[in-house]
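This report concerns only the one structure given below.
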Amino acid sequence: MSKTFPLNKNLSGGTAKASYRTHIDIPEKQRVALIALLNQQLADTFDLFSQIKQAHWNVKGMHFIALHELFDKLAEEAEDYTDDIAERATALGGVALGTSRMAAHTSRLPEFPGVGIEGSEALAGLIERFAILASSTRAAIDTATELKDADTADLFTGISRGLDKSLWFLEAHLQA
């Protein structure tokens, strides 16, 4: 059963409309929808990146160093995803809406605690956020496919695979 994730129409003063000419042979109406999709995923992914860093900086407890290092690795991967998403939006003739304020304004992820947090609580919080983003990324694959853009669907497929692997790494810490 596919979960629907509505796109945020107000992207913090920016526009999802294609504004630059491109020779990519996807009709403008479809490109506009794809750019909006990409910008929403960019906001969520950038927010996840910042929340992973929040966990990285503030994790406490017996497994501090292992989690501190794991969270840093996961943040690097999320940062790579943001770059790929933003570059696809601009390749389609759009503008990547990728500042931290834009992400905070449009992200669909819950806020991460702004305090020092015990390792298992940090893991549980990141698991929740990775699961939300993984689900919306799978929905984005379907939307890109419906819009007949195999390249954007493929981009999201690779990101989905990476998010699922990261989710597995996080969940394994709490499984017995």
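Between residue 151 and residue 73, the simple label model (points 7 Å from Cα in the Cβ direction) yields a spacing of 3.2 nm. Near the amide H of residue 118, within less than 5 Å, lie the amide hydrogens of 60, all on another chain or at least 5 residues away, with H placed in the peptide plane. Computed from Cα positions, the angle between helix 64-91 and the longest principal axis of the chain comes to roughly 0 degrees. Note on residue 115 and residue 161: the model spin-label points, each 7 Å out from Cα along the C-beta direction, lie 4.1 nm apart. Angle of helix 119-146 to the longest C-alpha principal axis of the chain, folded into 0 to 90 degrees and rounded to 10: 20°. Just how large is the dipole of the chain about the Cα centre, in debye to the nearest 20, putting +1 at every Lys and Arg Cβ and -1 at every Asp and Glu Cβ? So the dipole magnitude of the chain works out to roughly 580 debye. Relative to the first principal axis of the alpha-carbon coordinates of the chain, what is the inclination of helix 28-58, with its axis defined by its Cα atoms, in degrees from 0 to 90 and to the nearest 10? Approximately 10 degrees, to the nearest ten.
Taken together, the values in this text are just the output of simple stated rules run on the coordinates, not laboratory data. Just so you know, these numbers come straight off a predicted model, no measurement behind them. Quick reminder, even Gly has a Cβ in these numbers, built from the backbone with ideal geometry, and neighbours come from all protein chains shown.
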